[in-house]
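All remarks here apply to the structure that follows.
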Amino acid sequence: MSIPSMTEEKAAKGFKEGFDCSQQVLAYAAGRHNLGMDEKEAFKIGAPFGGGMWNGDTCGCVSGALMAIGLRYGHCVPYDKETKALLTAKAVEFEKKFVERNGSLICRNILGYNLTVPEELKKIMEQNLFFTVCTGLVCSACEILDEVL
């Protein structure tokens with residue numbers, strides 16, 4: 001069974017259900033690309049990475065995607081330089097494409113606000129940025145993963 005592409009509507013539904021960007025991207029990749037992990041495991045593993053690991057740093061979409069790339073291309077044998085080189089190339093390719101499409105890898109730079117600052121989090125919520133910006137980021141990360149994986 002083929003898993004359909006991510007849409008902004010699906011991403012919005014995920015946010016409404018309480019799932020973060022990192023969880024949605026990793027769960028999508030795990031299902032669509034047979035990464036050896038079910039959706040429940042992906043949601044659990046991706047849980048602490050949303051909102052730039054809750055401090056506005058690396059966008060959770062990027063973290064979720066890099067975890068997916070690690071599941072597909074990660075090295076697990078000592079001295080495996082070839083696999084590590086492929087992993088690195090895939091991660092760099094993803095990051096480059098994400099920046100080209102979204103302007104940054106950093107959550108607070110993309111949103112224009114730092115969610116760890118209460119006044120700025122209030123603005124994020126007032127402007128509904130998780131639904132007007134982050135849904136597109138989830139889709140972008142999933143599209144790039146479809147290209148990279």
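Coordinate-derived values only; no laboratory data. As the structure is a prediction and not an experimental result, all values here were calculated from the model. When we count neighbours, we look across all protein chains shown, and the Cβ atoms used for this are built from the backbone with ideal geometry, even at glycine.
Observations
- Projected-area average for region 107-149 over all orientations - Cα convex hull basis, square nanometres: 3.1
- Relative contact order of the chain, defined on C-alpha pairs under 8 angstrom at six or more residues apart (%): 29
- Based on DSSP H segments of at least four residues, each scored -39500 (n - 2.57), the chain has a per-residue ellipticity at 222 nm of -20000 deg cm²/dmol.
- Summing charges over neighbours of Lys10, with a neighbour being any other residue whose Cβ is under 15 Å away from its Cβ, gives -4 when K and R count +1 and D and E count -1.
- Label-to-label distance, nm, for residues given as Trp54 and Glu119 (7 Å Cα→Cβ offset): 2.4
- Prolate/oblate/rounded call for region 8-148, Cα gyration tensor, a/c under 1.5 rounded: prolate
- Cross-link partners of Lys81 among lysines, defined as those whose alpha carbon lies under 17 angstrom from its own and excluding same-chain residues fewer than eight positions apart: Lys90.
- Pairwise label distance in nanometres, Ser104 with Lys40, each label 7 Å out on the Cα-Cβ vector: 3.8
- Computed from the alpha carbon positions, the gyration tensor of region 73-134 leads to an equivalent ellipsoid with semi-axes of 35, 13, 8 Å, biggest first.
- Members of Lys96/Lys123; Lys44/Lys123; Lys13/Lys122 lying beyond 23 Å, as alpha-carbon distances in this model show: Lys96/Lys123; Lys44/Lys123
- Other-chain or far-sequence residues with amide H under 5 Å of Ile106's (modelled H): Cys59
- By other beta-carbon atoms within 10 Å, ranking Val117, Val77, Val25 with the fewest at the front produces Val77, Val117, Val25.
- Of all complete DSSP H helices in the chain, those with a Cα span along the helix axis of 20 Å or greater and a mean Kyte-Doolittle hydropathy of -1.0 or more are 81-102, 134-148.
- Counted by Cβ distance under 13 Å from Leu26, the other residues give a net charge of 0, where Lys and Arg count +1 and Asp and Glu count -1.
- For the pair Lys84 and Asn128, a Förster radius of 41 Å applied to the C-beta separation gives a FRET efficiency near 0.50, rounded to the nearest 0.05.
- Among Pro78, Pro48, Pro118: highest mean-square fluctuation, GNM of the chain, C-alpha pairs under 10 Å: Pro78
- Local charge for Val117 was computed over the other residues whose Cβ lies under 10 Å away, with Lys and Arg +1 and Asp and Glu -1, and equals +1.
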